[in-house]
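Notes follow the structure.
The values are calculated or read from the model by the stated rules, or taken from the named source; none is laboratory data. Fair warning: this is a prediction, and the values are worked out from it, not measured in the lab. Neighbour counts are summed over all protein chains in view; Cβ atoms, including those assigned to glycine, are modelled from backbone coordinates with ideal geometry.
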């Protein structure tokens, strides 16, 4: 990846989709926004991809505590497939198990500054991706 490229991560849910971003060199994920999962979702994502110069997309993939994939994982994979098809960008998946718990802990440290749990969960997902993919 080139020096001016960014990665977007998504915490996909039936009602909301959290979005986080990180520069491929600085590798510091930050919560960006929480989007409503509705008719304008992909238009909203298209704008974010353009604004953030995204070159890679990461989708959190929820696993059951035994490591198996459940119904929500299938919805996340379908979301990732749609992203890849619509935006012609690579889509990676990362285990998001307990990302919301980590996000709640992070939010508690912000002393009342709300950036949205879903966006923070997306940042946790992105941090895991960056940790697991050292040679981007």
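For the range 12-44, enumerate the residues that are buried (at least 19 other Cβ atoms within 10 Å of the Cβ), closer than 18 Å to residue 94 by Cα and touching a strand residue (DSSP E or B) at 6+ places or on another chain (Cβ under 8 Å).
Answer for the range 12-44, where residues must be buried (at least 19 other Cβ atoms within 10 Å of the Cβ), closer than 18 Å to residue 94 by Cα and touching a strand residue (DSSP E or B) at 6+ places or on another chain (Cβ under 8 Å): 12, 17, 18, 19, 20, 21, 22, 29, 31.
Just to be sure I understand the filter: pairs with C-beta atoms under 7 Å, separated by 6 or more residues or on different chains, first member in the range 54-69 and on the phi < 0 side of the Ramachandran plot, second member in a loop (DSSP other than H, G, I, E, B) and surrounded by 19 or more Cβ atoms within 10 Å (Cβ to Cβ). Which pairs pass?
So the pair list comes out as 60/96; 61/96; 62/96.
Exactly one of these conditions fails for residue 32: (1) in a strand (DSSP E or B); (2) at pLDDT 95 or above. Give me its number.
(2)
Kindly evaluate residue 89 against the criterion of being more than 15 Å from residue 12 (Cβ to Cβ) and in contact (Cβ under 8 Å) with a residue 12 or more places away in the chain.
yes
Report, ordered by the first and then the second residue, all pairs with beta carbons closer than 7 Å, sequence separation of six or more or different chains, a first member in the range 123-135 that is closer than 9 Å to residue 58 by Cβ, and a second member that is at pLDDT below 85 and part of a helix (DSSP H, G or I).
Pairs that qualify, where the first residue is closer than 9 Å to residue 58 by Cβ and the partner is at pLDDT below 85 and part of a helix (DSSP H, G or I), are 125/99.
Which of the helices (runs of 4 or more DSSP H) contained wholly in the range 45-136 include at least 3 residues that are at pLDDT 95 or above, touching a strand residue (DSSP E or B) at 6+ places or on another chain (Cβ under 7 Å) and under 23 Å from residue 23 (Cβ atoms)?
So the answer is 71-87.
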